[in-house]
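The values are calculated or read from the model by the stated rules, or taken from the named source; none is laboratory data. On a predicted model such as this, the values are computed, not experimentally measured, just so you know. Cβ placement follows ideal geometry from the backbone for every residue including glycine, while neighbour counts extend to all protein chains displayed. What goes into the accessible areas is simple: the full protein's heavy atoms, side chains included, and nothing from ligands, DNA or RNA. Shrake-Rupley method; radii C 1.70, N 1.55, O 1.52, S 1.80 Å.
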Amino acid sequence: MSNTDFALAVEDLTVSFDGFKAIDALTLYIDRNELRVIIGPNGAGKTTLLDLICGKTRASGGSIKFKNEEILGVPEHMRVRRGIGRKFQTPSIYENLTVFQNLEVSYPSGRSVWGALAFRCTAEIRARVEAVAADIGLGGDRLETEAGLLSHGEKQWLEIGMLLMQEPELLMLDEPIAGMSARERDLTAELLQRICQNRAVIVIEHDMDFVKKIAHKVTVMHQGKILAEGPMDQVQADPKVIDVYLGH
Ligand SMILES: Nc1ncnc2c1ncn2[C@@H]1O[C@H](COP(=O)(O)OP(=O)(O)O)[C@@H](O)[C@H]1O
Ligand SMILES: [Mg+2]
């Protein structure tokens, strides 16, 4: 297995569900500061791949290296601590808490255990909450808004913000613009472009206009394997891709 400078190196990864290979000897490398989009027909294995990377699902074989360390045997919560953040399709924010409180509770625990540092930590947490809130477009007045009152799109951004509080070095988002307005989609594209500047980001998405806007490279999955990979225009012109996905 190779020694790499990639943020993420997935090699020969396989998972079988009752003999069915949902991921089949898949190899994929993601650079640091890269925004990769994964596309492909329903059932291709996209969500399962993210489940394997975040540790929700156990692989049957292969290797997943995060910052060059094997993580296949590392439990899900430890992968979070090492810097892997995952956003699921349904948002999991606290509707009764404010934007500020939602971000505050997402600050990694274990950093403020020392009483003497409590005050400094509070100031530190406030600064981080404000920086992240500004990043997701929910700064200023919006900090005191109850999360339940946010628009659908704003709730999605808040959840991304909650992940950013942990300063993940790899952030994975499964269909982040589903149900968003055109304006919210544009703002989300800008947000993703900002947040990939100091981390690797993997996005699963179906909306090709959106993919074109954000992707550095596109990976096309089909039947648990990689069908094509490269810049958007190259992938879009690939007859195999048109045949199994874009042509429909
Ligand atoms: N826990 C599971 N048990 C059995 N089959 C699963 C499980 N998770 C996913 N699958 C199957 O694996 C395939 C890939 O699913 P998925 O990763 O959700 O595809 P995608 O996200 O690309 O639409 C599908 O055929 C799905 O039914
Ligand atoms: Mg899926």
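General remarks:
- Near Pro75, once Lys and Arg are set to +1 and Asp and Glu to -1 for all other residues with Cβ below 13 Å from its Cβ, the sum equals +4.
- Remark: spin-label model distance Val105-Met78 equals 2.7 nm, labels positioned 7 Å along the Cα→Cβ axis.
- FRET efficiency for the pair Tyr94 and Asn33, taken as 1/(1 + (r/R0)^6) with r the Cβ-Cβ distance and R0 = 30 Å, rounds to 0.45.
- Mean projected area of the Cα convex hull of segment 113-248, taken over all directions, amounts to 10.6 nm².
- Share of pairwise Cα-Cα distances greater than 29 Å in the chain is 32 percent (whole percent).
- Accessible area per residue in Å² at 1.4 Å probe, computed on the chain: 48
- A straight chain from Asp12 to Glu167 at 0.36 nm per residue would run longer than the Cα-Cα distance by 53.0 nm.
- Expressed as a fraction of 2.2 N^0.38 Å, the value expected for a compact globular protein of N residues, the C-alpha radius of gyration of segment 27-76 is 1.19.
- Subset of Lys56/Lys212; Lys87/Lys155; Lys217/Lys240; Lys21/Lys87; Lys67/Lys213 violating a 20 Å alpha-carbon distance limit: Lys56/Lys212; Lys21/Lys87; Lys67/Lys213
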